[in-house]
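Below: one structure, written as C-alpha cells.
Every number in this text was worked out from the coordinates using simple rules, so none of it is lab data. Nothing here was measured: the structure is a model prediction, and the numbers come from that model.
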C-alpha cells in the first residue's frame, strides 16, 4: 500500500499528458476479457515448448 502511494506521488510530478496516456493504457488492460488473458497465457506456454 505504501508503494502505491509513492508511485502516485511520483506520477503527480509527471506532466498531465503522460498521466492521461498511462491511465488510458491501464484502463485498456483492465478491460481485456478474462478469455483473452487466458488465451494469451496459453499462447505464451505454447511458445515455450
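Want the number for residue 9 to residue 41: 0.36 nm per residue separation, take away the alpha-carbon distance, what's left?
8.3 nm
Calculated from DSSP H runs of 4 or more alone, at -39500 (n - 2.57) each and per residue, what is the 222 nm mean residue ellipticity of the chain, nearest 500?
Mean residue ellipticity at 222 nm (helix-derived): -27500 deg cm²/dmol.
Over the stretch 2-48, how many percent of alpha carbon pairs lie in each 5 Å bin up to the one with the longest distance?
P(r) for the stretch 2-48, in whole percents per bin: 5, 18, 15, 16, 14, 13, 14, 6, 0.
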